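Visitor: Structure incoming, see below.
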Amino acid sequence: MASKPFPVLENDLLLRAARGEEVPHTPVWMMRQAGRYLPEYHTVREGHTFFETCRSPDLVTEITIQPTRRFPIDAAIIFSDILVIPQAMGLEVQMVPGRGPVLPEPLAGPADLKRLIKTDVSESLHYVFEAITQTRHALDGRVPLIGFAGAPWTLMAYMIEGGGSKSCDKARAWLFAEPGPSQKLLDDITEMVIAYLSRQIEAGAQFIQIFDSWAGVLAPEQFARYSLPTLRRIAAALRSDYPEIPLAVFARGAHYALEDLADSAFDVVSIDWTVDPVAARRIVGDRVTLQGNLDPATLFASPDVIRRAVRSMIDAFGANRYIANLGHGMLPAHRPEHAGVFVDAVHEISSTTKAA
Ligand code: CP3
C-alpha cells in the first residue's frame, strides 16, 4: 500500500540519547503525559468511553498531541492502553471511572485458556496502527512518537486478577501451581506483543517502551523465570527486524533485575522513584541509557522544590545516557503548570550542566 512519506524529524534528542549519543540537553517526557490532569483531555473525552476514545484515530491523535502543545517535551506517546491486547485475545475489559480497569470474566484457571483467541493484530488492533500513522503526520516531525505495549507478565496478571491488584496473589499462585499453563499463556501473549509492536513500528512508531508495571510483585527468581525471558524475546525480535528503533523497558519495582535488563537488547532501562539513580548507574554502567525517575508526588510541591529535585536527579543520573521522566505516571490531581516547571527545569539545568 503506497502511503504518504512522514515529515522529517526536527527534534531527535530522545532517539540520540537512547543510542548513547551526545545531546545538547537531556530529553524529557512524562509517563501518562496525556490524561486527566489536562482540562483539554476531559473536553475531548466528553461523551466517549475510554475504549471508544482509544478506537478513534481522530480523538487519539488530538489527545496524543495535547501535551506537546503545552510543554516543550521531547516526545509524544500514543494514547492507548496496555489492555487492548487482552481485549484482542477475547477478554472483555471495561475502564470504570474512579476504579480503573475491570475484566468482568478473568481467567479462573487453566481450563479458561481455551476462551482465548489468536487474532491477526492487523485486524483486531487496526485502530491503533491507524492512529499512529495519523499522529505521526499531525506531529509534523516536531518530536518522535513513542509506541508501547504491556509486558506479558503484567498482562497475564490483569487477565487473572480481573483488574488492578496490590500483590497479584492469584496470578502469582498460577506461576507456582500451574507452571505449564502459565508458560503457555505467557508465550501466547509474547507472540501477540511482538506482532503488535512490529505493526506499530511499521505504522510509524519511532521508539518503543514495554511496561512491566507488576514486575515488583515477583520474587527475583520468578521474574527471571517468567518475565525476563519474554522481555528478552520481544527485544531480540524487534532488534533484529527493526535495528534502528530504540527499545525501552520499564519494570516497575524490579530493582533486583537492573543487571539482567541492561543485558537484554534494550537500549533504555526506565526506573521508578524507589531506585537510587547512582546505584542504578553503577550496575548498568554505560551499556544502556537510564530513564526516570522523579517521584510524581514531587509535582505537588512548589516550583522551587521541583527545580531542586530536578537538579539533584540530573546530578545523580549524569548528563549522558540519560532521558528524564517521572518514576511513574502523571496523576489526575497534578497541576499542568507544575509539569511545565518540571520540563523546563530539565532543559535548563541539563544544558548548563553540559556547558560547565
Ligand atoms: O500518556 C500516556 O502515557 C499514554 C497513554 C497510556 C495510558 N495507559 C492511558 C490511560 C499508557 C502508556 C498507558 C499504559 C498503562 N495502562 C499501564 C502501564 C503504565 C503504568 O501506569 O504502570 C497500565 C498498568 C495500564 C492499565 C491502566 N489503564 C490502569 C491501571 C488505569 C487506571 C489508572 C488510574 O489512575 O485510574 C488505566 C486507565 C488509563 N489509561 C487512563 C489513561 C489516561 C485514565 C482513565 C481515563 O482517562 O478515563
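The values are calculated or read from the model by the stated rules, or taken from the named source; none is laboratory data. The structure presented is a predicted model; accordingly, all values stated were derived computationally and were not measured. Reconstructed Cβ throughout: ideal geometry from the backbone, glycine too, with neighbour counts over all protein chains shown.
Rundown of residues vs (1) part of a helix (DSSP H, G or I); (2) hydrophobic (A, V, I, L, M, F, W, C); (3) touching a Pro at 6+ places or on another chain (Cβ under 8 Å), yes/no style:
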site	(1), (2), (3)
S165	no, no, no
A171	yes, yes, no
W174	yes, yes, yes
S182	yes, no, no
D188	yes, no, no
A195	yes, yes, no
E202	yes, no, no
I210	no, yes, no
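Visitor: OK, next. Pairs, please: C-beta under 6 Å, at least 6 apart or cross-chain, first residue closer than 16 Å to T135 by Cα and in region 42-60, second more than 10 Å from the ligand (Cβ to nearest atom) and among the acidic types (D, E)?
Guide: V44/E62; P57/E130
Visitor: Checking the structure you have, find out if any residue of region 18-30 is surrounded by 19 or more Cβ atoms within 10 Å (Cβ to Cβ), more than 13 Å from the ligand (Cβ to nearest atom) and among the acidic types (D, E). Outline the logic, then answer.
Guide: Filtering region 18-30 for residues surrounded by 19 or more Cβ atoms within 10 Å (Cβ to Cβ) gives 18, 23, 25-30.
Checking which are more than 13 Å from the ligand (Cβ to nearest atom) leaves us with 18, 23, 25-28.
Checking which are among the acidic types (D, E) leaves us with none.
No, that holds for no residue.
Visitor: Taking region 310-331, which residues are assigned to a loop (DSSP other than H, G, I, E, B) and under 11 Å from T353 (Cβ atoms)?
Guide: Here is the first cut: in region 310-331, the residues assigned to a loop (DSSP other than H, G, I, E, B) are 318-321, 327-331.
Across region 310-331, the qualifying residues are G318, A319, N320.
Visitor: If you don't mind, there's one more thing I want to ask. W153 is checked against (1) within 12 Å of the ligand (Cβ to nearest atom); (2) surrounded by fewer than 24 Cβ atoms within 10 Å (Cβ to Cβ) and fails just one. What number does that condition carry?
Guide: Looking at each condition in turn, W153 falls short on (2).
Visitor: A further question follows. Which members of region 1-24 meet the condition of being assigned to a helix (DSSP H, G or I) and in contact (Cβ under 8 Å) with a residue 40 or more places away in the chain?
Guide: First, pick out the residues of region 1-24 that are assigned to a helix (DSSP H, G or I): 13-19.
Listed by number, the residues that qualify are L13, L14, L15, A17, A18, R19.
Visitor: Can you tell me which residue among V341, V284 is among the β-branched types (V, I, T) and over 25 Å from A76 (Cα atoms)?
Guide: Working: V341 fails: over 25 Å from A76 (Cα atoms).
Criteria check complete, one pass: V284.
Visitor: Output the residues belonging to region 229-257 that are more than 23 Å from K166 (Cβ to Cβ), assigned to a helix (DSSP H, G or I) and in contact with a helix residue (DSSP H, G or I) (Cβ under 9 Å, 6 or more places away or on another chain). Lay out the reasoning, then the answer.
Guide: First pass over region 229-257, keeping only residues more than 23 Å from K166 (Cβ to Cβ): 229, 232-248.
Going one step further and asking which of them are assigned to a helix (DSSP H, G or I), we end up with 229, 232-241.
Result: P229, R232, R233, I234, A237, L238, D241.
Visitor: Continuing with the same structure: Find all pairs meeting these conditions: Cβ atoms under 6 angstrom apart; at least six residues apart or on different chains; first residue within region 313-341 and closer than 24 Å to A251 by Cβ; second residue within 14 Å of the ligand (Cβ to nearest atom) and in a helix (DSSP H, G or I).
Guide: Hits for this filter: L326/P296; H328/P296; L331/P296.
Table: residues versus (1) touching a strand residue (DSSP E or B) at 6+ places or on another chain (Cβ under 9 Å); (2) assigned to a loop (DSSP other than H, G, I, E, B); (3) modelled with pLDDT of 95 or more; (4) of a type in the set (A, V, I, L, M, F, W, C).
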residue: I65; (1), (2), (3), (4): yes, no, yes, yes
residue: M95; (1), (2), (3), (4): yes, no, yes, yes
residue: K114; (1), (2), (3), (4): no, no, yes, no
residue: T135; (1), (2), (3), (4): yes, no, yes, no
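Visitor: Which condition breaks for V60 when tested against (1) touching a strand residue (DSSP E or B) at 6+ places or on another chain (Cβ under 6 Å); (2) in a helix (DSSP H, G or I); (3) of a type in the set (A, V, I, L, M); (4) within 16 Å of the ligand (Cβ to nearest atom)?
Guide: (1)
Visitor: Which of the residues spanning region 326-336 are within 11 Å of the ligand (Cβ to nearest atom) and touching a helix residue (DSSP H, G or I) at 6+ places or on another chain (Cβ under 9 Å)? Talk me through it step by step, then tell me what you get.
Guide: Going residue by residue through region 326-336, those that are within 11 Å of the ligand (Cβ to nearest atom) are 326-333.
Within region 326-336, L326, G327, H328, G329, M330, L331, A333 qualify.
Visitor: Scan region 145-159 and report the pairs whose first residue is in contact (Cβ under 8 Å) with a residue 60 or more places away in the chain and whose second residue is near the ligand (Cβ under 7 Å from one of its atoms) and not charged (D, E, K, R), with Cβ atoms within less than 6 Å and a gap of 6+ or a chain change.
Guide: That search, which allows pairs on different chains as well, returns I146/I77; G147/I78; G150/I82; G150/F211; T154/S213.
Visitor: Going by what's in this entry, would A265 be described as part of a helix (DSSP H, G or I) and without any contact (Cβ under 8 Å) to a residue 60 or more places away in the chain?
Guide: Numbers: part of a helix (DSSP H, G or I): no; without any contact (Cβ under 8 Å) to a residue 60 or more places away in the chain: yes.
Criteria not met by A265.
Visitor: Still on this structure, please answer the following. If you take the residues in region 221-278 that are over 17 Å from the mean Cα position of the chain (by Cα) and acidic (D, E), which one is surrounded by the most Cβ atoms within 10 Å (Cβ to Cβ)?
Guide: D260
Visitor: Something else about it: What number of residues within region 72-99 satisfy the criterion of being of a type in the set (A, V, I, L, M) and within 10 Å of the ligand (Cβ to nearest atom)? So that I can check it myself, show each step before the final result.
Guide: Narrowing region 72-99 to residues of a type in the set (A, V, I, L, M): 73, 75-78, 82-85, 88-89, 91, 93, 95-96.
If we keep only those that are within 10 Å of the ligand (Cβ to nearest atom) too, we end up with 76-78, 82-84, 93, 95-96.
Total meeting the criteria: 9.
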